[in-house]
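The values are calculated or read from the model by the stated rules, or taken from the named source; none is laboratory data. What you are looking at is a predicted structure, and each value in this text was computed from that prediction instead of being measured. So basically every Cβ, Gly included, is an ideal-geometry build from the backbone, and we count neighbours across all protein chains shown. Just so you know, the surface numbers come from the protein's heavy atoms only, side chains and all, with ligands and any DNA or RNA stripped out. Shrake-Rupley method; radii C 1.70, N 1.55, O 1.52, S 1.80 Å.
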Amino acid sequence: MTTLALFGAGRIGQVHARNLMAMQDMKLVAVADPIASSAREDLLARSQARLSDAEAIFADPDIDAYLIASPTDTHESLLRQAARTGKPVFCEKPVSLDFRKVIDVAREIDAAGNPVMLGFQRRYDPDFLRVKEEIASGRSGRVQHIVMHTRDPSPPPVSYIKSSGGLFRDQAIHDFDMTRYLLGEEIVSVCATGACLIDPAIGEAGDIDTAMITLRSESGRLVQMINARHAAFGYDQRLEAVCEKRIFYVANQPVTNLVSADAQGFTSSPPLGDFIARFAEAYRAEMNAFRALVQQGKSPLATMRDGVEAQRLAEAAAQSLKSGRPVAVSAVT
């Protein structure tokens, strides 16, 4: 039996805990979350895990691995403490809102040698995986360009905006990661533009809610990212990969596949309501990959380096937005 400790009993922590608890050979034995809530108490009751703190968890030799799903500002410290144990870690993105600290933590993790998996669940989504496999096979010819759409169903609270690190580090970082994953090469140039067109309160909090970002890879291929905090029909998550011989589409997943029709036209179901519903299968596969990392030493699809490089692109986008000019990614440190 593999024993685990979870940091953070919030929404994403609950998702990971639920998926782990469905595995007969994985046992959640400790939860660290200083904020009392009904969700935390329910998780403790269902898992029979003990409420603990970081110091006790990292000192416990009987805990085999750690899951970090706590607020972003705790990730850096928890990763550094985990590095001293040499045990496997799963950590949600981003590692820190301070990119210099991200690089420092990555170096510390690398020196310690313990395996770290980053929470980029889209890499485990069956549709995105299929596109990756098709591109890598070469059957459809060289990728020419990629277009990605990511829009939230509604703007998050301003309190969240103030601590999120901004649209690029919070939402778009998944698209930055997917760009590198699909192309299999690094991005060398980022050009971003953005505005506050949806919720004035987001602008007052110092962020944008709408962005368009153009990326150029080291071989010259192009990516267009469209990110926003609202779509009128709900959660919007689409991908178009244009290759020489074929174009691949990943569409929004509907709540049901039922389509009704009458004299007025056709009506279909709305898309799944949020990222947790849309990527439910990906989250399950992600935790299965973490189990394989812990028990078999199998490398995950998303490593600490992927977290560093995705955030490097987010930092470049922030610089580009501020300067109004493209930014060479190699200059972002």
Tell me which residues, restricted to region 113-124, are assigned to a loop (DSSP other than H, G, I, E, B) and farther than 17 Å from L239 by Cα.
G113, N114, P115, G119
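Do we find that R122 is of a type in the set (K, R) and open to solvent by 20 Å² or more (accessible area, probe 1.4 Å) in this structure? Talk me through it step by step, then tell me what you get.
Working: of a type in the set (K, R): yes; open to solvent by 20 Å² or more (accessible area, probe 1.4 Å): no.
It is false that R122 is of a type in the set (K, R) and open to solvent by 20 Å² or more (accessible area, probe 1.4 Å).
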Checking the structure you have, find out if any residue of region 284-291 is aromatic (F, W, Y), modelled with pLDDT under 95 and more than 30 Å from R142 (Cα to Cα).
no
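Regarding L167, is this residue open to solvent by less than 40 Å² (accessible area, probe 1.4 Å), within 30 Å of S70 (Cα to Cα) and in contact with a Gly (Cβ under 6 Å, 6 or more places away or on another chain)?
Working: open to solvent by less than 40 Å² (accessible area, probe 1.4 Å): yes; within 30 Å of S70 (Cα to Cα): yes; in contact with a Gly (Cβ under 6 Å, 6 or more places away or on another chain): no.
Criteria not met by L167.
So which helices (runs of 4 or more DSSP H) stay within region 44-112 end to end and still have 1 or more residues that are of a type outside the set (D, E), closer than 23 Å to A292 by Cβ and open to solvent by 40 Å² or more (accessible area, probe 1.4 Å)?
Working: elements: 54-59, 72-83, 99-112.
Output list reads 99-112.
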Filter result for V327 (open to solvent by less than 30 Å² (accessible area, probe 1.4 Å), β-branched (V, I, T), at pLDDT below 95 and under 30 Å from D98 (Cβ atoms))
no
In region 257-291, which residue that is within 21 Å of F128 (Cβ to Cβ) and touching a Ser or Thr at 6+ places or on another chain (Cβ under 8 Å) is surrounded by the fewest Cβ atoms within 10 Å (Cβ to Cβ)?
N257
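Can you pull out every residue in region 164-175 that is over 17 Å from I135 (Cβ atoms) and not β-branched (V, I, T)? I'd like the intermediate steps shown before the answer.
In the first step, residues of region 164-175 are kept if they are over 17 Å from I135 (Cβ atoms); the result is 164-174.
The answer is S164, G165, G166, L167, F168, R169, D170, Q171, A172, H174.
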Give me the pairs: first residue in region 171-196 and farther than 11 Å from F120 by Cβ, second residue aromatic (F, W, Y) and modelled with pLDDT of 95 or more, beta-carbon distance under 8 Å, and six or more apart or on different chains, which are they?
L182/F128; I187/F176; A192/F168
Go through region 275-304 and report how many residues are within 16 Å of Q24 (Cα to Cα) and either touching a Cys at 6+ places or on another chain (Cβ under 6 Å) or of a type in the set (K, R) (or both).
2
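Is there a residue being assigned to a loop (DSSP other than H, G, I, E, B), within 29 Å of S299 (Cβ to Cβ) and touching a strand residue (DSSP E or B) at 6+ places or on another chain (Cβ under 6 Å) anywhere in region 173-194? Quick ask: steps written out before the conclusion?
Filtering region 173-194 down to residues assigned to a loop (DSSP other than H, G, I, E, B) leaves 184-186.
Add one more test, that the residue is within 29 Å of S299 (Cβ to Cβ), and what stays is 184-186.
Now drop any that are not touching a strand residue (DSSP E or B) at 6+ places or on another chain (Cβ under 6 Å), which leaves 185.
Yes, there is a match, as at least one residue in region 173-194 is assigned to a loop (DSSP other than H, G, I, E, B), within 29 Å of S299 (Cβ to Cβ) and touching a strand residue (DSSP E or B) at 6+ places or on another chain (Cβ under 6 Å).
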Can you tell me which residues in region 229-249 are hydrophobic (A, V, I, L, M, F, W, C) and either open to solvent by less than 10 Å² (accessible area, probe 1.4 Å) or in contact with a Cys (Cβ under 7 Å, 6 or more places away or on another chain) (or both)?
A231, L239, A241, C243
Within region 154-170, the count of residues that are touching a residue at least 12 places away in the same chain (Cβ under 8 Å) and either of a type in the set (S, T, Y) or not in a helix (DSSP H, G or I) (or both) comes to 7
Keeping to region 125-153, report how many residues are in a helix (DSSP H, G or I), over 12 Å from Y181 (Cβ atoms) and open to solvent by 20 Å² or more (accessible area, probe 1.4 Å).
4
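Please state which one of I226, I202 is buried (at least 18 other Cβ atoms within 10 Å of the Cβ) and under 23 Å from G165 (Cα atoms). Please lay out each step first, then the result.
On the way: I226 fails: buried (at least 18 other Cβ atoms within 10 Å of the Cβ).
Of the residues listed, the single one that is buried (at least 18 other Cβ atoms within 10 Å of the Cβ) and under 23 Å from G165 (Cα atoms) is I202.
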I'd like to check something: does region 69-76 contain any residue that is touching a Phe, Trp or Tyr at 6+ places or on another chain (Cβ under 6 Å) and modelled with pLDDT of 95 or more?
yes
